[in-house]
Structures are given as C-alpha cells and as structure tokens.
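A short reminder: the numbers here are calculations on the coordinates, not readings from a lab. Quick caveat, the model's predicted, so the values are computed rather than measured. Positions of Cβ are generated from backbone atoms using ideal geometry, with glycine treated the same way; all protein chains shown enter the neighbour counts.
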Amino acid sequence: MRRMVTIGVYGFDGESFLRRLRHADVRLLLDVRQRRGVRGPEYAWANSVRLQAALAQAGIAYEHHRELAPTTELRRLQYAEDDRQGVGKRSRRELAAEYARRYTAEILDRADLTPIVAALPSGGTAALLCVERDPEACHRSLIARRLTERHDVAFEHLRPP
C-alpha cells in the first residue's frame, strides 16, 4: 500500500510547515488549490512563488494540480453554507454536504488519478496541499478518500502543532 499525507496552510508558519513536511519525509507536494495565494501577511510564505522556492531549497518537488481544485462556483457554494452556519473559512470544521456531493460529481468523477499515483515517489511520500487547517473542512479529504478507495493509498493528515 502506498502512503501519502495531506496538509493545510492555516495554523503553520513557513518554518513549521517545512519542518512538518520533512518530518513526514515528503518528497513531492501536490498543490490542489485553484488560486495559489493566501490572504494575510502571516501566510505570505504559502503564496505559490515563495512556497515553490522554499520547497526547492528543502529538496521537495512541487506540482500544481488545478484539475483537482474546486471551481469558483463550488467555492461560493461552500462560502454560502459557511455564512449560513456563521463560520469563517479559517474556522470551518466540515464541508457542506452539497459541496462534497458536487465536488465529487463535477471534479473527482471526471479526474484520472492514475497518473498521480504512478508518479508518487518511490522513496519518501507525497503530500496533498490546500489551505484549510482541518482536512475534514477541505476538498483534499475527498481526494484522499478517493485515492484510498480506488488506488489503495493510505493517508495521514498532518496538522499544525
């Protein structure tokens, strides 16, 4: 069984994020964000150009998989549910059921994950990256579940200290 991890941006600073990746022996980071920027100066390190430079310096390869990112319409659906529940993106604990259903139907069911599995590093592991702290509040958990069910990939969800 192959092994992967997931990780979000929120709750980390640049140093602790890289330290957590190194500790998990991550050799390849798969960015599944649509927009590869994060608002707020405390997360400037996670913006694409800076993140890729830091990863390269740490010896971690980077790939952007925009085909696995939720569309703007899907993100708006989740934001509307967040508003209804009175939670913010950074404090969300779970995905809206309708968001999860539509993401699965509109993105995952159309995606071929076989090339991703085939490209996993033979040594070390790969990480799915998005922004949410908790995987249950992020589409990366849906990708992880699909990879587990159809490609026999085991997952660990990395969380901030």
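With n ≥ 4 as the cut-off for DSSP H runs, can you work out [θ] at 222 nm for the chain, using -39500 (n - 2.57) per run divided by the number of residues, rounded to the nearest 500?
One gets -11000 deg cm²/dmol as the mean residue ellipticity at 222 nm.
Given the options ASP13, ASP109, ASP134, state which has the largest fluctuation in a GNM of the chain using a 10 Å cut-off (strictly under) for Cα springs.
Looking only at ASP13, ASP109, ASP134, the biggest GNM fluctuation is shown by ASP109.
Report the charge-dipole magnitude of the chain in Debye, nearest 20, computed about the Cα centre from +1 at each Lys and Arg Cβ and -1 at each Asp and Glu Cβ.
Roughly 220 debye for the chain.
Between the range 99-161 and the range 8-30, what is the C-alpha centre distance in whole Å?
So the separation of the two Cα centres works out to 16 Å.
Dividing the alpha-carbon Rg of the chain by 2.2 N^0.38 Å yields what?
0.98
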